[in-house]
1. Using Cα-only point scatterers and the Debye equation, what is log10 of I(q)/I(0) for segment A:186-312 at each q in 0.09, 0.13, 0.16, 0.22 Å⁻¹, rounded to two decimals?
2. My understanding is that a pair violates if its Cα-Cα distance is over 32 Å; which of A:LYS125/B:LYS107; A:LYS249/B:LYS228; B:LYS32/B:LYS197; A:LYS21/B:LYS228; A:LYS21/B:LYS243 do that in this structure?
3. Taking chain A as a Gaussian network, where each spring joins two C-alpha atoms under 10 Å apart, which residue of A:LEU15, A:LEU296, A:LEU183 fluctuates the most?
4. Let me know the shape class of segment A:218-284, please: from the alpha-carbon gyration tensor, a ≥ b ≥ c as square roots of the eigenvalues, rounded when a/c is under 1.5, otherwise prolate if a/b is greater than b/c, or oblate.
5. Of A:ALA258, A:ALA50, A:ASN16, which is farthest towards the positive pole of chain A's charge dipole, taken about the Cα centre with +1 and -1 on the beta-carbons of Lys, Arg and Asp, Glu respectively?
6. Let's see if you can work this out: charge +1 on each Lys and Arg Cβ, -1 on each Asp and Glu Cβ, no other charges. What is the dipole magnitude of segment A:13-171 about its Cα centre, in debye to the nearest 20?
7. Can you give me the long-range amide H partners of B:ILE84? Hydrogens built in the peptide plane at 1.01 Å from N, cutoff under 5 Å, separation of 5 or more residues or another chain.
8. Please find the FRET efficiency linking A:SER40 to A:SER162, where r is the Cβ-Cβ separation and R0 is fixed at 25 Å, and quote it to the nearest 0.05.
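The values are calculated or read from the model by the stated rules, or taken from the named source; none is laboratory data. Since the model is a prediction, treat every value here as computed from it, not as a measurement. Here the Cβ is made from the backbone with ideal geometry for all residues, glycine too, and neighbour counts use every protein chain on show. Note: accessible area is taken over every heavy atom of the protein model, side chains too, but ligands, DNA and RNA are not part of it. Shrake-Rupley method; radii C 1.70, N 1.55, O 1.52, S 1.80 Å.
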Amino acid sequence: MSNILIIAEHDGQNLNPSTAKCAQCATAIGLPFDIAVLGSSIADVAGQAATIAGTGTVYAVDAAHLGDPLAANHAQEVVAMASGYSHILGPSTTFGRDLMPRIAALLGVNQVTDISAVEGSHHFKRPIYAGNAVVDVVAPEAVTVVATVRVASWKAVDGSGSAAIESRPAAEAAVTHSRYIDLQSGGGERPDLQTASRVISGGRAMGSKENFDLIYSLADLIGAGTGASRAAVDAGFCPNDMQVGQTGKIIAPDLYIAFGISGAIQHVTGIKDAGTIVAVNKDADAPIFEIADIGLAADLFNVIPEMKQLLG
Amino acid sequence: MKILVGIKRVIDYNVRIRVKSDGSGVETDGVKMSINPFDEIALEEALRIREAGNADEVIVVSLGGNECQQQLRTGLAMGADRAIQVDSAESLQPLTIARAFLKLVEKEQAGLVMLGKQAIDGDNSQTAQMLAALWGRPQATFASAVELSGNKAMVTREVDAGLERIEVDLPAVISVDLRLNEPRFVKLPDIMKAKRKPLEVIPVEDLGVAPENDLQFTSHTPPPVREKGIMVEDAAQLVAELKTRGLL
Ligand SMILES: Cc1cc2nc3c(=O)[nH]c(=O)nc-3n(C[C@H](O)[C@H](O)[C@H](O)COP(=O)(O)OP(=O)(O)OC[C@H]3O[C@@H](n4cnc5c(N)ncnc54)[C@H](O)[C@@H]3O)c2cc1C
Ligand SMILES: Nc1ncnc2c1ncn2[C@@H]1O[C@H](COP(=O)(O)O)[C@@H](O)[C@H]1O
């Protein structure tokens, strides 16, 4: 039997859109797929997963200890349900990057990271070297393919489905060596960076935490999510979850506007799939202008207030 | 307690990557090589743990050909006590690397393994999680703060939603993120001293580990290029252009 199992990502209440993107990748592979939702009191989330078009069955594995996002607990559950599946897919988010290699190792296989295109059931493309090269990866057919799906490369499958939901108890006891403590969320009410259709980012040039309010207020005017360069996060101007790039979030909004970001490869790799890239930088020779669709060589501290006035 | 630190030799992060015209890989001839930036941070953290009196020995480990001894020497100059090169002519994939690390963990009775969150060549982000799985021990990935107390580590993790804290019992595997610390600079006398520190070479076969279920990398291509676009003069033109394109 050849089937795909997708590991759903959620926060206990809401299914993360990364799951429907994994489903798009599964659709491209062209095999029937099921979705596993692991967690505690997850009937709602399982219901959301069941609407993903094309889903065979949603398996809801419900146990108190699965409520915490500990890869050690989740991996052993996935392994317990892995037999019969030729592929196990998860998202390239921090959730998937933490979990999927643990599953792969328990199954004795290497993991395919960051699938950006499907060439065949065992033949994929993925970026390496911060997106500076694309490699064709062929996975062995005799063993399970465990992979992460590069969410910025895939559109979400629509929510017109109504798959069956099957509840199951956990197969394994909780590990005792790891304990989840808490999550300190940096984000406010703005659209999620990874799914927002518009994103406005600030770099080192913002100069301070207070000045980042310029970014937030412009973003709020046009309903955009907000991002940042590593330099801005390192300097403490904004929380880590805003970092865009090789080591932050890889995003693909329709519109990306970068203020005071130079355009280092590690940053640019995070926005290569954006529809339109706009750069505002006072240095006309900044590398970001090489890849920007629209560039403006000017001082951001003049440009943002002017834009706010024009849009307000 | 002994801490093992993974040191991977990679193309320096400042080098402009070029794909070879025959598609067999990326150009490495005459290219500057360095320690994977995340691994420098892992080593720095291990050294600080030792300096705080919570570890006795820091051992840097690299899997690769003899050329990776260069990066191991840099690690020794930073302050590691000794080095192990697991010698392998062919480049190994994360599952094999994790299996080799497990053998060294058992041999050295290590209490902590510190690796990078990802190697910036393959951007795999797998080895730490795989080692933890094979070892049956905790993984604390993408760490931006590590606090040891007794037999436990409190680790702050950089995740998509913010900062997550988990507590793990040792032994454990920690993979480090960029904001964990600022690695120290190597001073000249340390480079001289590092030459006398022990560097053991173990052929990967001697660890009883061989590649299995490897992926094949059949062809490399340059990424699609984004064309340089237009320049506008001021904010008014910018907003007008975005409106024309239906983006605002
Ligand atoms: C392993 C590794 C991983 C990394 N991962 C990431 C990552 O995920 N994301 C990331 O972003 N970086 C990452 N980096 C860092 C990256 O290399 C750059 O250092 C970083 O992106 C620079 O941020 P910046 O553009 O904000 O700052 P700078 O490079 O300092 O650029 C600031 C820009 O602002 C412009 N400027 C100054 N004042 C004004 C003004 N008043 N108005 C308009 N423009 C102005 C300047 O001309 C300059 O171009 C990584 C680095 C390494 C080594
Ligand atoms: N060949 C290697 N030698 C030593 N350490 C390695 C090697 N490959 C990977 N590692 C460690 O594993 C981390 C993650 O690598 P990867 O899973 O390839 O992204 C690296 O940052 C290193 O700490």
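1. Once normalised to I(0) and log-transformed, intensities are -0.20, -0.42, -0.66, -1.42.
2. Values: A:LYS125/B:LYS107 38 Å; A:LYS249/B:LYS228 23 Å; B:LYS32/B:LYS197 25 Å; A:LYS21/B:LYS228 29 Å; A:LYS21/B:LYS243 29 Å.
Cα-Cα > 32 Å for A:LYS125/B:LYS107; rest within.
3. Maximum among the listed residues: A:LEU183.
4. Since a/c stays below 1.5, the shape of segment A:218-284 is classed as rounded.
5. Going by the Cα projections, it comes out as A:ALA258.
6. Dipole about the Cα centre, nearest 20: 320 debye.
7. B:VAL60, B:VAL61, B:SER62, B:GLU200
8. 0.55
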